[in-house]
Structures are given as C-alpha cells and as structure tokens.
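A short write-up of the structure that comes next.
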Amino acid sequence: MQRIGLFIATFGYLGFVPIAPGTFGSAAGLAVYVAVRSTGSAAVELSVIGLLFAIGIWAASAAEQCLGGTDPGPVVLDEVVGMLMTLALIPVNLTGAIVGFLIFRVLDVVKPWPAGRFERLPGGLGVMADDGMAALYGNLLMHGLIWLWPGQLT
C-alpha cells in the first residue's frame with residue numbers, strides 16, 4: 001500500500017522531476033483544474049478538491065514512510081490540490097490561470113501565517129494543510145484581483 005500511496009502522492013511520479021517538483025505539481029494542478037472546470041459543476045469541483053485532499057493526507061503519510069523524512073520533495077499532490085483550491089469556483093481565462101499559478105507558488109514558498117504552522121501537523125495532514133492554507137489565501141487574492149480589474153482575469 002505504501003507504493004500506491006507514493007504513486008498517488010507524487011502524482012504518478014511527476015514529483016521525481018529533478019528540478020522544481022513543486023512547480024511541476026502546480027502546473028499539473030492547472031491541467032486538472034481545466035478538466036474539472038470543464039464539467040461546469042461547482043459540486044464536482046468542490047468534491048474533487050475534497051476527495052483529493054483526503055486521499056492526499058493518506059498518500060502523503062505513506063510517501064513519508066516510504067521515502068523517509070517529513071514532507072519529502074517528491075510529494076506534489078499537495079500542489080495539485082493547492083492549485084485547484086486557489087482557482088476554486090473562479091472561471092479564469094488564460095491570464096487569470098497564470099496569475100493564480102504565480103500567486104499560489106509564491107504563497108506556497110512564503111507560507112504566510114498560519115500556513116507555516118500547519119506544516120508542523122503530523123504526517124500527511126501537515127503536508128496537505130500548509131498548501132491548503134496558502135491556497136485559501138490565493139483564492140482570496142484572486143477574488144480581490146478580479147474585483148479590482150473586472151474582465152481581465154475571467
């Protein structure tokens with residue numbers, strides 16, 4: 001089961017790219033966002049986010065056991081979910097998707113309070129929760145930018 005968890009947590013081993021795995025994971029999150037958003041259903045969008053977050057807790061815990069250490073670099077499912085959360089329920093255009101991507105990457109690295117503290121939670125919960133908090137901030141920033149510049153990002 002640990003190997004399955006590792007496969008899921010690394011998003012099909014995408015997390016093993018040698019340079020910037022988190023950025024690649026976030027880019028994969030954009031692709032998943034496009035697929036989920038194309039359903040046109042808010043319920044599907046929110047369900048996918050919730051399901052992937054829950055699976056991510058288990059998978060990240062398994063990956064930590066398999067790879068050793070806390071929040072190993074190859075675990076990128078948290079970035080995939082983070083991108084989905086950053087753009088959740090926002091029908092962005094290409095510019096908006098790029099802005100959301102950049103906002104999430106910055107917030108994921110900076111980890112504004114309390115995201116950095118969430119990283120200390122045990123196992124996969126800590127792996128997923130810090131990115132989830134950064135993504136929540138990203139979603140709020142996206143809403144603010146859309147309010148400031150209507151029609152530019154959607």
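How many of the residues in segment 1-48 are part of a helix (DSSP H, G or I), over 21 Å from THR154 (Cα atoms), β-branched (Val, Ile, Thr) and without any contact (Cβ under 8 Å) to a residue 60 or more places away in the chain?
Number satisfying all stated conditions: 2.
Please enumerate the residues belonging to segment 58-97 that are of a type in the set (Val, Ile, Thr), part of a helix (DSSP H, G or I) and surrounded by fewer than 19 Cβ atoms within 10 Å (Cβ to Cβ).
THR95
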Would you pick out the residues in segment 70-98 that are free of Cβ contacts under 8 Å to residues at least 60 places away in the same chain and of a type in the set (S, T, N, Q)? THR70, THR86, THR95
Tell me, yes or no, whether segment 98-112 has at least one residue that is modelled with pLDDT under 95, over 20 Å from THR154 (Cβ atoms) and in contact with a Phe, Trp or Tyr (Cβ under 7 Å, 6 or more places away or on another chain). yes
Identify, from the list VAL36, VAL80, VAL99, the residue that is more than 14 Å from ALA135 (Cα to Cα) and among the aliphatic types (A, V, I, L, M). VAL36
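The values are calculated or read from the model by the stated rules, or taken from the named source; none is laboratory data. All values reported here derive from a predicted model rather than from experimental measurement. Virtual Cβ from ideal backbone geometry, glycine too; neighbours counted across all protein chains shown.
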